[in-house]
Amino acid sequence: QVQLVESGGGLVQPGGSLRLSCAASGSISSIYAMGWYRQAPRKQRELVAAITSLESTNYAASVKGRFTISRDNAKNTMYLQMNSLKTDDTAIYYCNADHSKGRSWGQGTQVTVSS
(Lines give C-alpha, C1' and ligand atoms only; values in the text may rest on other atoms or scores of the structure.)
Protein backbone atom coordinates (compact mmCIF):
# COMPACT_ATOMS: atom_id res chain seq x y z
CA GLN A 1 0.00 0.00 0.00
CA VAL A 2 0.89 3.67 -0.26
CA GLN A 3 0.60 6.24 2.52
CA LEU A 4 0.45 9.98 1.81
CA VAL A 5 0.93 12.94 4.14
CA GLU A 6 0.28 16.53 3.02
CA SER A 7 1.78 19.66 4.54
CA GLY A 8 2.23 23.33 3.74
CA GLY A 9 -1.29 24.67 3.93
CA GLY A 10 -2.20 27.85 5.75
CA LEU A 11 -3.63 31.34 5.52
CA VAL A 12 -2.40 33.64 2.77
CA GLN A 13 -3.54 36.95 1.32
CA PRO A 14 -4.83 37.22 -2.25
CA GLY A 15 -1.91 37.39 -4.66
CA GLY A 16 0.32 35.44 -2.30
CA SER A 17 2.01 32.06 -2.68
CA LEU A 18 2.12 28.72 -0.92
CA ARG A 19 3.87 25.44 -1.58
CA LEU A 20 2.18 22.20 -0.64
CA SER A 21 4.10 18.98 -0.11
CA CYS A 22 2.92 15.37 -0.25
CA ALA A 23 5.27 12.79 1.24
CA ALA A 24 4.74 9.22 0.07
CA SER A 25 5.75 6.02 1.84
CA GLY A 26 5.11 2.32 1.43
CA SER A 27 5.04 0.73 -2.02
CA ILE A 28 6.54 3.75 -3.79
CA SER A 29 7.67 1.80 -6.83
CA SER A 30 4.07 0.85 -7.63
CA ILE A 31 2.96 4.49 -8.11
CA TYR A 32 2.35 5.49 -11.72
CA ALA A 33 0.59 8.82 -11.26
CA MET A 34 -0.02 11.37 -8.54
CA GLY A 35 -2.25 14.38 -8.26
CA TRP A 36 -3.65 17.21 -6.21
CA TYR A 37 -7.38 17.62 -5.66
CA ARG A 38 -9.28 20.22 -3.70
CA GLN A 39 -12.69 20.49 -2.11
CA ALA A 40 -14.28 23.79 -1.16
CA PRO A 41 -17.28 23.99 1.19
CA ARG A 42 -20.48 22.78 -0.45
CA LYS A 43 -18.62 21.84 -3.63
CA GLN A 44 -17.47 18.57 -5.14
CA ARG A 45 -13.86 17.49 -5.00
CA GLU A 46 -12.06 18.56 -8.17
CA LEU A 47 -8.77 17.78 -9.84
CA VAL A 48 -6.24 20.60 -9.59
CA ALA A 49 -3.14 19.07 -11.19
CA ALA A 50 -1.68 15.66 -11.97
CA ILE A 51 1.73 14.25 -12.85
CA THR A 52 2.68 10.85 -14.21
CA SER A 53 5.80 8.78 -13.59
CA LEU A 54 7.05 10.10 -16.96
CA GLU A 55 6.64 13.68 -15.68
CA SER A 56 3.67 14.43 -17.94
CA THR A 57 1.46 17.04 -16.29
CA ASN A 58 -2.02 18.44 -16.66
CA TYR A 59 -3.85 21.23 -14.87
CA ALA A 60 -7.36 22.45 -14.28
CA ALA A 61 -8.13 25.47 -16.42
CA SER A 62 -8.71 27.58 -13.32
CA VAL A 63 -5.11 27.14 -12.09
CA LYS A 64 -3.14 26.87 -15.32
CA GLY A 65 -0.33 29.41 -15.37
CA ARG A 66 -0.52 29.96 -11.60
CA PHE A 67 0.13 26.51 -10.11
CA THR A 68 3.00 24.12 -10.82
CA ILE A 69 3.06 20.44 -9.92
CA SER A 70 6.35 18.62 -9.52
CA ARG A 71 7.85 15.57 -7.86
CA ASP A 72 11.20 14.75 -6.31
CA ASN A 73 11.66 11.00 -6.65
CA ALA A 74 14.73 11.00 -4.42
CA LYS A 75 12.63 12.40 -1.58
CA ASN A 76 9.43 10.50 -2.49
CA THR A 77 7.66 13.84 -2.38
CA MET A 78 5.27 15.69 -4.69
CA TYR A 79 4.80 19.45 -4.59
CA LEU A 80 2.25 22.01 -5.64
CA GLN A 81 3.61 25.53 -6.01
CA MET A 82 0.68 27.93 -5.90
CA ASN A 83 1.21 31.54 -7.00
CA SER A 84 -1.15 34.46 -7.51
CA LEU A 85 -3.62 32.87 -5.14
CA LYS A 86 -7.26 33.93 -5.28
CA THR A 87 -10.05 33.68 -2.73
CA ASP A 88 -11.63 31.01 -4.97
CA ASP A 89 -8.60 28.80 -4.29
CA THR A 90 -9.72 28.39 -0.68
CA ALA A 91 -10.29 24.68 -0.06
CA ILE A 92 -8.95 21.56 1.54
CA TYR A 93 -6.21 20.21 -0.72
CA TYR A 94 -5.68 16.46 -0.98
CA CYS A 95 -2.93 14.53 -2.68
CA ASN A 96 -3.53 11.15 -4.20
CA ALA A 97 -1.53 8.40 -5.81
CA ASP A 98 -2.63 5.80 -8.35
CA HIS A 99 -0.71 2.57 -7.89
CA SER A 100 -0.88 -1.11 -8.70
CA LYS A 101 -3.32 -1.83 -5.86
CA GLY A 102 -5.67 1.11 -6.38
CA ARG A 103 -5.72 4.71 -5.19
CA SER A 104 -4.53 6.25 -1.94
CA TRP A 105 -5.43 9.64 -0.44
CA GLY A 106 -3.79 11.90 2.07
CA GLN A 107 -5.67 13.45 4.98
CA GLY A 108 -5.82 16.91 3.38
CA THR A 109 -4.40 20.32 4.22
CA GLN A 110 -6.40 23.52 4.50
CA VAL A 111 -5.58 26.47 2.25
CA THR A 112 -7.34 29.73 3.03
CA VAL A 113 -6.92 32.78 0.83
CA SER A 114 -8.28 35.86 2.54
CA SER A 115 -7.40 39.46 3.25
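Please turn the phi angles of segment 100-114 into ³J(HN,Hα) values with the Karplus equation 6.51 cos²θ - 1.76 cosθ + 1.60 (θ = phi - 60°), one per residue in order, whole Hz, x for glycine and proline.
These are the phi-based 3J(HN,Hα) values: 4, 10, x, 9, 10, 10, x, 7, x, 9, 7, 10, 10, 10, 7 Hz.
Note down the nm distance, to one decimal, between modelled labels 7 Å out along Cα→Cβ at SER30 and at GLN1.
Those two pseudo-labels are separated by 1.1 nm.
Once neighbouring chains are kept in place and the probe is 1.4 Å, which whole percent of the accessible area of segment 1-92 is contributed by carbon and sulfur?
Looking at segment 1-92 in its full context, I get 49 percent from C and S.
Once you place label points 7 Å from the Cα toward the Cβ at GLN81 and ASN58, how far apart are they in nm?
My value for the distance between the label points is 2.3 nm.
Just the accessible area per residue of the chain, please: how many Å² with a 1.4 Å probe?
53 Å²
Under a straight-distance cross-link criterion of Cα-Cα below 16 Å, which aspartates and glutamates are reachable from LYS43, leaving out those fewer than 8 residues away in the same chain?
In chain and number order, the partners are ASP88, ASP89.
Compute log10 of I(q)/I(0) for segment 1-58 with the Debye formula, placing one identical point scatterer on every Cα and leaving out solvent, at q = 0.16, 0.25 Å⁻¹, to two decimals.
-0.67, -1.22
Rounding to the nearest 20 debye, state how big the charge dipole of the chain is about its Cα centre with +1 on each Lys and Arg Cβ and -1 on each Asp and Glu Cβ.
Taking the Cα centre of the chain as origin, the dipole is about 160 debye.
Debye calculation, C-alpha points only, no solvent: report log10 I(q)/I(0) for segment 50-101 at q = 0.13, 0.27, 0.28, 0.32 Å⁻¹, in the same order as the q values.
The computed values of log10 I(q)/I(0) come out as -0.36, -1.27, -1.33, -1.48.
Near the amide H of GLY16, under 5 Å away, which other amide H atoms are found, from residues 5 or more places off or on another chain, if H is placed in the peptide plane?
LEU85
The values are calculated or read from the model by the stated rules, or taken from the named source; none is laboratory data. Predicted model only: the values in this text are computed from it and were never measured. Cβ: placed from backbone, ideal geometry, glycine included. Neighbour counts: every protein chain shown. To get the accessible areas, we keep the full protein, side chains included, count just its heavy atoms, and leave off ligands, DNA and RNA. Shrake-Rupley method; radii C 1.70, N 1.55, O 1.52, S 1.80 Å.
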